[in-house]
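A.B. asks: Have a look at the structure that comes next, please.
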Amino acid sequence: MLDGLFDLYDRFTGFLFEEALQPLMFALGLMHWADEAFHWLDFFVFGAIGVLVVYAVCRPLEAWRPVERWPNGKLVWTDVIYTLLTRLGLLPMLAFVLFATTQVRIEGWIADTGWVPPTLETLFPVLGEQPLLALAVYIVVLDFFEYWRHRFQHSFRWWWALHSVHHAQRQMTFWTDDRNHILDEIIGAAWFGLIAVAIGVPPGQFPVILLVLRLAESLSHANVRLDFGRIGERVLVSPRFHRVHHGILSIGDHGKNYAVLLPIWDWIFGTADFNRSSYPRTGDPTAPESLASGNWLRQQWDGLVRMTRALRGRDTPA
């Protein structure tokens, strides 16, 4: 089934390139950039599909049982800009391609020494025979490392200065997932890409993993009064579970509920809050107002300034 979907996707992107983008590039005399343009189109289409899937799932839920209603949703539109800039560029995919290319060169050098570095499939050969099982295992492993990256974002003052851009939003919706400082995005993409390559994620499965985790993160930020029940809350991260993490009393290193997909990591490491009646107000009271209500450029600049001050040992509480 996955192979069929990938084939359909490849045909669609090929059609767009041959019928739309390539003639335009030929007319502009830019055909020497054809390979780069095709890769960009691939990232763009995949990102657009991801945005459409997220919107189709999350928007009806927010209309159904919103936690909050705002007379003016102007702040949300900034998050829409964040989402389009991030997902249509797909930094994690770019990082994976970069590190996968680097890995090929490193493996060539290692092969000359006669040593073959292990991956999950070499350690557990059954994964090579069961692609769906392998996909599930890769998601679990990557989710574990995403939990710890998230905790580190709250633990180091300079990193929190960047991550606070994400937490400053007082009108949290599913668009808020991509509300991040660009340096934070680059670090996250590098982290995710390196780990994916290190554990041997096949390039064909990487987009599916990315889509699953992106959908889970967007849903967890949705402005919807929804939990998954006493058992379900311990299986998958719900909007209620993650909203506690964004609560105004849960900022910096005082946070709870860091998990992206699986709450078991919070459960194991003592950072879980399973109070299903809790839907706190969101935002970061310690952040400057510009991080909440400024435009994209202002938030990026002020986040950079705060990070610089934190590195110098000044303000930015964590």
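A.B. asks: Mind checking the full-extension length gain between SER277 and LEU30? Use 0.36 nm per residue of separation minus the Cα-Cα distance, one decimal, nm.
C.D. replies: Details: separation 247, 0.36 × 247 = 88.92 nm, distance 5.74 nm.
Length gained, SER277 through LEU30: 83.2 nm.
A.B. asks: Here's a follow-up. Once phi is turned into θ = phi - 60°, what whole-Hz ³J(HN,Hα) does the Karplus curve with 6.51, -1.76 and 1.60 give for every residue of the stretch 185-190, x standing for Gly and Pro?
C.D. replies: Result, rounded to whole Hz: 5, 5, 4, x, 5, 5.
A.B. asks: In nm, to one decimal, how far is the modelled label at VAL80 from the one at VAL140, with both set 7 Å along Cα→Cβ?
C.D. replies: My value for the distance between the label points is 4.0 nm.
A.B. asks: To continue, here is another question. So between ALA190 and LEU304, what do we pick up on full extension, going 0.36 nm a residue minus the alpha carbon distance? Display every interim value, and only then the final one.
C.D. replies: Values: separation 114, 0.36 × 114 = 41.04 nm, distance 1.87 nm.
Net length gain for the segment: 39.2 nm.
A.B. asks: While we're on this one: In whole angstrom, note down how far apart the Cα centers of the stretch 220-248 and the stretch 258-318 are.
C.D. replies: Each part's Cα centre sits 17 Å from the other's.
A.B. asks: At 0.36 nm per residue, and after removing the present C-alpha to C-alpha distance, how many nm does the segment from TRP148 to TRP267 gain when stretched out fully?
C.D. replies: Here the segment from TRP148 to TRP267 would lengthen by 41.5 nm.
Every read-out reported here was derived from the displayed coordinates using simple, explicitly stated rules and does not represent laboratory data. Quick caveat: nothing in here was measured; it's all calculated off a predicted structure. All Cβ positions, glycine included, derive from the backbone under ideal geometry; neighbour counts span all protein chains shown.
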